[in-house]
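Chemist: Structure provided below as structure tokens; questions to follow.
The values are calculated or read from the model by the stated rules, or taken from the named source; none is laboratory data. Quick caveat, the model's predicted, so the values are computed rather than measured. Cβ placement follows ideal geometry from the backbone for every residue including glycine, while neighbour counts extend to all protein chains displayed. Calculation scope for accessible area: heavy atoms of the full protein, side chains included, ligands and nucleic acids excluded. Shrake-Rupley method; radii C 1.70, N 1.55, O 1.52, S 1.80 Å.
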Amino acid sequence: MSDGRDDLTVKLAPSVGQFDRDQWNALGGDRNPFVSHEFLSALEDSGSVGPGTGWDPVPVVITGADDTLLAALPSYAKGHSQGEYVFDHNWADAFQRAGGRYYPKLQIAAPFTPATGPRLLLSDPSLALHLLKGAELVCQQNGLSSAHATFIERAQVPLFEQGDWLVRNDIQFHWLNRDYGSFDDFLGELASRKRKSLRKERAAAQRGLRIARLGGDDIRPEHWDAFWIFYQDTGARKWGTPYLTREAFTLFGERMGERLVLILAYQDDQPIAGALNFVGAEAIYGRYWGCTRDVRFLHFELCYYQAIDIAIELGLPRVEAGAQGGHKLARGYEPVQTYSAHWLADPGFRAAVADFLQREREGVATDQLFLGERTPFRKGD
């Protein structure tokens with residue numbers, strides 16, 4: 001389809017993998033691992049998304065006259081609302097009770113990944129509105145109820161607002177690097193009681209264990225085999241069925257191993273727990289964790305404290321440790337707002353959601369203030 005400019009074409013594609021890796025990554029994947037060609041194509045090639053998953057890849061792209069990739073949306077036709085972490089089940093129920101059909105919908109996201117990043121992948125900011133209009137047209141032409149972009153980086157929110165999409169706010173807990181030279185420098189900013197508590201947690205978690213960090217070619221098949229067991233245990237308890245296939249982890253290692261940090265805890269030379277982190281230009285992202293033995297505080301050590309160590313070592317501005325988890329607050333992770341944007345085809349439904357979002361936004365702001373007062377940092381002198 002044409003977007004009104006003779007030199008541009010907006011179209012749907014069947015996969016991210018069909019595009020040239022370097023052209024795709026030049027639009028944003030070079031700095032954010034979860035919109036990279038390597039990550040998204042690994043999900044496709046491993047069967048983690050695609051037929052039977054409810055996540056059907058349908059990237060919306062803009063190409064130039066010479067078929068060069070100029071802009072893209074990592075987008076999926078969704079038959080459910082699983083694996084998104086921005087919950088719209090109540091919207092779906094309300095729309096269906098009113099006689100509408102909520103599914104399928106268009107989801108613009110890094111699948112199964114509550115990490116912030118660009119959702120409008122652009123060679124030029126002027127293409128943003130063309131891309132959004134393209135997504136709307138896809139919905140209209142294919143009978144989709146709506147389009148949803150989740151975990152949008154803050155800098156891109158105005159682009160969605162300019163396109164008249166509804167913006168939704170939520171809260172995550174991120175660790176913010178204030179130019180710390182070491183973990184002890186960070187601890188020095190905490191209240192004395194909290195500082196002692198974190199030191200005791202780290203000591204207890206590490207007692208009798210060996211903790212190893214692996215990346216690149218150092219991550220071997222036996223490490224992935226161990227981590228797959230950990231991941232399956234966590235996935236079964238949280239979601240019933242793990243989202244990723246075993247092959248996905250092999251492909252992550254092969255295609256983007258230099259952007260991974262796999263942390264494993266060993267007891268008597270046997271791996272008993274692990275956490276997988278992805279490294280971007282602006283953050284380290286903790287994504288998957290699991291264990292086969294319960295060790296007190298080990299989850300905090302592998303998922304939170306080790307990630308802080310790595311962020312300090314690499315000079316990264318923040319750690320994003322995933323969704324939920326008010327327990328992160330006591331460990332130096334601070335409440336920050338996250339953003340999603342939504343386009344709804346039905347005018348009446350849009351008006352009702354807009355009213356809901358206004359009321360929800362006020363509550364989120366209040367919650368952030370409340371939580372911000374309860375961080376473990378020293379209050380004054």
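Results for (1) open to solvent by 10 Å² or more (accessible area, probe 1.4 Å); (2) basic (Lys, Arg); (3) within 16 Å of the chain's Cα centre (by Cα), shown as yes or no for each residue.
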residue	(1), (2), (3)
GLY29	no, no, yes
GLU38	yes, no, yes
PRO51	yes, no, no
GLY54	yes, no, no
ALA77	yes, no, no
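Chemist: How many residues does region 154-192 contain that are within 25 Å of HIS89 (Cβ to Cβ) and under 18 Å from the mean Cα position of the chain (by Cα)?
Modeler: Total satisfying the criteria: 8.
Chemist: From the list LEU137, LEU190, LEU131, LEU159, which one is surrounded by 14 or more Cβ atoms within 10 Å (Cβ to Cβ), within 29 Å of ASP355 (Cα to Cα), in contact (Cβ under 8 Å) with a residue 24 or more places away in the chain and touching a strand residue (DSSP E or B) at 6+ places or on another chain (Cβ under 7 Å)?
Modeler: LEU131
Chemist: Which residues, taken from region 294-306, are among the charged types (D, E, K, R) and either open to solvent by less than 10 Å² (accessible area, probe 1.4 Å) or in contact with a Ser or Thr (Cβ under 9 Å, 6 or more places away or on another chain) (or both)? Spell out how you get there, then give the answer.
Modeler: Of all residues in region 294-306, those among the charged types (D, E, K, R) come to 294, 296, 301.
Within region 294-306, just GLU301 meets the criteria.
Chemist: Another question, then. Restricting to region 193-208, what's the tally of residues that are hydrophobic (A, V, I, L, M, F, W, C) and either surrounded by fewer than 18 Cβ atoms within 10 Å (Cβ to Cβ) or more than 22 Å from ALA273 (Cα to Cα) (or both)?
Modeler: Result for region 193-208: 2.
Chemist: If a residue must be open to solvent by less than 60 Å² (accessible area, probe 1.4 Å), assigned to a loop (DSSP other than H, G, I, E, B) and out of contact with any strand residue (DSSP E or B) (no Cβ under 6 Å at 6 or more places or on another chain), how many such residues does region 341-379 contain?
Modeler: Summing the residues that are open to solvent by less than 60 Å² (accessible area, probe 1.4 Å), assigned to a loop (DSSP other than H, G, I, E, B) and out of contact with any strand residue (DSSP E or B) (no Cβ under 6 Å at 6 or more places or on another chain) in region 341-379 gives 1.
Chemist: Can you find, within region 56-73, the residue that is least open to solvent (accessible area, probe 1.4 Å) among those that are part of a loop (DSSP other than H, G, I, E, B), more than 13 Å from ALA13 (Cβ to Cβ) and not small (Gly, Ala, Ser)?
Modeler: So the first thing to find is which residues in region 56-73 are part of a loop (DSSP other than H, G, I, E, B), and the list is 58-59, 64-68.
Then keep just the ones that are more than 13 Å from ALA13 (Cβ to Cβ); that gives 64-66, 68.
Pick out the ones that are also not small (Gly, Ala, Ser) and you get 66, 68.
On the way: ASP66: 115, THR68: 45 Å².
Only one residue fits best here, namely THR68.
Chemist: Out of region 184-211, which residues are closer than 28 Å to ASP268 by Cα and out of contact with any Phe, Trp or Tyr (no Cβ under 7 Å at 6 or more places or on another chain)?
Modeler: SER197, LEU198, ARG199, LYS200, ALA203, GLN206, ARG207, GLY208, ILE211
Chemist: Related question: Could you please let me know if ASP309 is more than 17 Å from TYR85 (Cβ to Cβ), modelled with pLDDT of 95 or more and open to solvent by 40 Å² or more (accessible area, probe 1.4 Å)?
Modeler: No, not satisfied.
Chemist: Now for a separate question. Across region 56-76, what is the total count of residues that are within 20 Å of PHE39 (Cβ to Cβ), in contact with a helix residue (DSSP H, G or I) (Cβ under 8 Å, 6 or more places away or on another chain) and of a type in the set (A, V, I, L, M, F, W, C)?
Modeler: The total comes to 6.
Chemist: Would you mind finding the one in ALA321, ALA351, ALA345 that is within 24 Å of the chain's Cα centre (by Cα), small (Gly, Ala, Ser) and at negative phi?
Modeler: Result: ALA321 is the single residue among ALA321, ALA351, ALA345 that is within 24 Å of the chain's Cα centre (by Cα), small (Gly, Ala, Ser) and at negative phi.
Chemist: Next question, about the same structure. In region 24-52, which residues are at positive phi and either aliphatic (A, V, I, L, M) or part of a helix (DSSP H, G or I) (or both)? Can you show your working first?
Modeler: Going residue by residue through region 24-52, those that are at positive phi are 28, 47, 50, 52.
Correct list: GLY28 only.
Chemist: Also: How many residues, within region 312-338, are part of a helix (DSSP H, G or I), buried (at least 16 other Cβ atoms within 10 Å of the Cβ) and acidic (Asp, Glu)?
Modeler: 0
Chemist: Could you tell me whether region 213-230 includes any residue that is among the small types (Gly, Ala, Ser), touching a residue at least 60 places away in the same chain (Cβ under 8 Å) and within 26 Å of LEU314 (Cα to Cα)? First the steps, then the outcome.
Modeler: So in region 213-230, the residues among the small types (Gly, Ala, Ser) come out as 215-216, 226.
From what is left, the residues that are touching a residue at least 60 places away in the same chain (Cβ under 8 Å) are none.
No, region 213-230 contains no residue that is among the small types (Gly, Ala, Ser), touching a residue at least 60 places away in the same chain (Cβ under 8 Å) and within 26 Å of LEU314 (Cα to Cα).
Chemist: Filter region 85-128 for residues that are open to solvent by less than 10 Å² (accessible area, probe 1.4 Å), more than 15 Å from VAL58 (Cβ to Cβ) and touching a His at 6+ places or on another chain (Cβ under 8 Å) and give the result.
Modeler: ASP88
Chemist: If you go through region 260-291, how many residues are farther than 21 Å from LEU209 by Cα, open to solvent by 20 Å² or more (accessible area, probe 1.4 Å) and at pLDDT 95 or above?
Modeler: Matching residues across region 260-291 total 3.
Chemist: Give the residues of region 165-184 that are touching a residue at least 60 places away in the same chain (Cβ under 8 Å), charged (D, E, K, R) and open to solvent by 50 Å² or more (accessible area, probe 1.4 Å), sorted by residue number.
Modeler: If the condition is that a residue be touching a residue at least 60 places away in the same chain (Cβ under 8 Å), charged (D, E, K, R) and open to solvent by 50 Å² or more (accessible area, probe 1.4 Å), then ASP170 is the only one that fits.
Chemist: Check region 3-17 and report whether any residue there is in contact with a Lys or Arg (Cβ under 9 Å, 6 or more places away or on another chain), farther than 30 Å from ALA352 by Cα and surrounded by fewer than 18 Cβ atoms within 10 Å (Cβ to Cβ).
Modeler: Yes, the conditions are met somewhere in region 3-17.
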